[in-house]
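To start, the structure under review is shown below, and the notes come after it.
The values are calculated or read from the model by the stated rules, or taken from the named source; none is laboratory data. Owing to the predicted nature of the structure, the values given are computational and were not obtained by experimental measurement. Using ideal geometry, Cβ is built from the backbone for each residue, glycine included, and neighbour counts are taken over all protein chains shown.
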Amino acid sequence: MPSRTTTTPRHPAAGHRQRLRERLERAGLDALADYEILEFLLGIAIRGRDVKPLARALLKAFGGSLGRLLDAQRADILAVPGAGPAVADALLAARTASVAALLPLEDPERAKRVEGESRHRVVKTALLSRGTVDRAVPA
């Protein structure tokens with residue numbers, strides 16, 4: 001009786017994630033479109049499946065805006081067909097991490113305005129006020 005070798009079939013776009021990763025390493029986030037950045041995030045939450053259709057569906061559901069998607073509530077993400085709890089959790093974690101990255105660590109008692117652009121770069125920051133929680137002075 002011949003021996004049976006079990007192999008895990010690769011999904012048709014298996015090399016796509018590697019190409020995204022290489023482009024990200026080589027050229028940074030500016031080299032990726034919003035749906036590709038989302039694909040990269042979804043690929044962490046969903047293994048072994050092509051996530052491009054889901055990335056496009058999620059962006060479409062939130063007006064084509066990655067920012068709106070990352071600002072969405074869990075229930076709204078789960079309402080998109082194909083987006084399960086792992087997807088919602090990954091997107092909420094990405095939002096939490098991005099907000100934490102923008103918070104000033106050197107002085108937690110300063111309020112800053114951060115302006116960005118569509119290519120995910122900070123354009124300008126401005127100090128709005130300084131002080132304590134119950135007493136602040138305009139900058």
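Quick notes
A quick yes/no check of all residues on (1) within 23 Å of V99 (Cα to Cα); (2) small (G, A, S); (3) in contact (Cβ under 8 Å) with a residue 60 or more places away in the chain:
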residue: D30; (1), (2), (3): yes, no, yes
residue: A33; (1), (2), (3): yes, yes, no
residue: A55; (1), (2), (3): yes, yes, no
residue: F62; (1), (2), (3): yes, no, no
residue: A72; (1), (2), (3): yes, yes, no
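- Within the option set D76, D71, being surrounded by 11 or more Cβ atoms within 10 Å (Cβ to Cβ), assigned by TED's automatic domain parsing to the domain that holds L32, at pLDDT 90 or above and of a type in the set (D, E) holds for one residue only, D76.
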